[in-house]
Amino acid sequence: MVVTPVPLWAVCLLRVALATVYFQEEFLDGERWRNRWVQSTNDSQFGHFRLSSGKFYGHKEKDKGLQTTQNSRFYAISARFKPFSNKGKTLVIQYTVKHEQKMDCGGGYVKVFPADVDQKNLNGKSPYYIMFGPDICGFDIRKVHVILHFKNQYHSNKKSIRCKVDGFTHLYALVLRPDLTYEVKIDGLSIESGDIEYDWNLTSLKKMEKSSAEDQAKDDKSQDWEKHFLDARASKPSDWNSELDGDWQAPMLQKPPYKDGLKPEGIDQDVWLHQKLKNTNYLTEYDLSEFENIGAIGLELWQVRSGTIFDNFLITDDEEYADNFGKATWGETKGPEREMDYIQAKEEVKKAREEEEEELLMGKFGGQENNFQRFHRRDEF
């Protein structure tokens with residue numbers, strides 16, 4: 001049998017067909033982005049965005065993104081998409097961020113919101129599912145946030161993940177997998193990964209779950225004592241004399257029969273519970289990386305010095321598609337962007353030297369002219 005090789009383009013098309021793209025934004029249609037993104041009016045002092053590729057870029061049109069424009073402002077803007085659940089699926093959140101102003105203090109992260117988020121009133125108190133991306137402030141804070149919402153609380157990754165601090169465009173990606181593993185990538189390279197169970201600060205949550213289970217056990221003991229500990233199958237003997245023998249009590253169960261497939265584990269402090277306590281590990285009942293109603297992505301952040309550009313947003317269930325999308329966008333323009341910056345820097349250095357030389361020459365001839373005028377005036381006297 002002859003096996004016909006499958007061309008690479010066909011494999012790529014199949015990969016795209018299998019991927020589910022929930023949201024993708026490259027800002028390639030000019031000002032029409034304003035029809036998709038909603039600026040929050042919660043505060044009249046919120047900063048405004050514009051579409052810009054910046055002072056240097058790899059491609060003037062492809063590198064256009066949302067740029068912050070005002071210093072010392074909060075920003076809040078979001079885009080909605082068809083709601084979905086990532087239950088049992090991989091979730092990839094990816095975008096590019098460029099701190100052209102060389103950020104001194106401010107956020108460069110994105111937030112993923114539930115579908116019922118109020119876009120017009122988006123603010124720092126708006127509930128979100130995921131917060132991901134770089135945050136910089138001085139030399140102390142230079143990290144990548146990975147915050148997940150669980151049981152009305154926000155939980156941060158306990159690892160210190162360092163972000164990029166230069167003025168170039170960088171590709172950030174977060175992968176949450178159904179096996180409860182995760183990965184953080186910068187510029188296509190994995191910089192952190194692990195298990196959600198171990199890498200998030202959930203000690204207090206586990207204590208809360210355990211305490212809740214213990215409280216339930218106490219309630220069971222107090223409310224269902226007879227049900228749990230007296231042999232309901234036993235009956236008072238026919239020759240029992242209450243006056244002589246006292247009140248009859250059913251014997252305590254020493255080894256309760258199997259129930260619901262559970263084997264008895266013995267008596268704990270002279271108490272037996274027929275139903276085994278639920279596992280106090282939150283991951284058996286709740287999945288920290290699953291969200292039922294994802295429906296919006298946005299930028300809700302603070303910046304001291306404006307100029308950051310956000311672009312190439314992607315939310316998908318396919319890691320390979322995300323990698324290819326990153327290569328086709330950021331991957332194609334990262335080199336030319338650095339070349340343009342290098343050329344501009346050389347020109348600025350050249351211009352600065354020329355201006356310095358001109359000032360020195362002007363100072364030299366200017367001094368001689370002053371001396372000539374001074375001597376000429378002396379001759380007049």
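The values are calculated or read from the model by the stated rules, or taken from the named source; none is laboratory data. Computed from a predicted structure; not experimentally measured. Note: ideal-geometry Cβ built from the backbone for every residue, glycine included; neighbour counts use all protein chains shown. Accessible surface areas use protein heavy atoms only, side chains included; no ligands, DNA or RNA. Shrake-Rupley method; radii C 1.70, N 1.55, O 1.52, S 1.80 Å.
Okay, here's what the table says:
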read-out	value
Ordering of 19-26, 95-102 by packing [mean C-beta count within 10 Å, highest first]	95-102, 19-26
Solvent-accessible ranking of Cys105, Cys163, largest area first, probe 1.4 Å	Cys105, Cys163
Square roots of five times the Cα gyration tensor eigenvalues for the range 82-213, Å	25, 18, 16
Between the range 95-126 and the range 183-198, the alpha-carbon center distance in angstrom	21 Å
When each of Lys87/Lys327; Lys102/Lys151; Lys60/Lys350; Lys98/Lys158; Lys55/Lys351; Lys327/Lys351 is checked by Cα-Cα distance, pairs over 29 Å	Lys102/Lys151; Lys327/Lys351
Å³ per residue enclosed by the Cα convex hull of the range 118-192	145 Å³
List Glu183, Glu354, ordered by accessible area with a 1.4 Å probe, largest first	Glu354, Glu183
At 0.890 mPa s and 25 °C, Stokes D of the range 300-350 from Kirkwood alpha-carbon radius, µm² per second	177 µm²/s
Ranking by accessible area, most exposed first, for Glu192, Glu31, Glu348 with a 1.4 Å probe	Glu348, Glu31, Glu192
Apportionment of accessible area to carbon and sulfur, the range 54-172, percent (1.4 Å)	49 percent
Ratio Rg/Rh, restricted to the range 27-140 and using Cα atoms, in which Rh is the Kirkwood radius	0.95
Calculated Rg and Dmax of the range 34-96 using C-alpha coordinates, Å	15.2, 43
Label-point separation, Asp43 to Asn152 (7 Å along Cα→Cβ), nm	2.5 nm
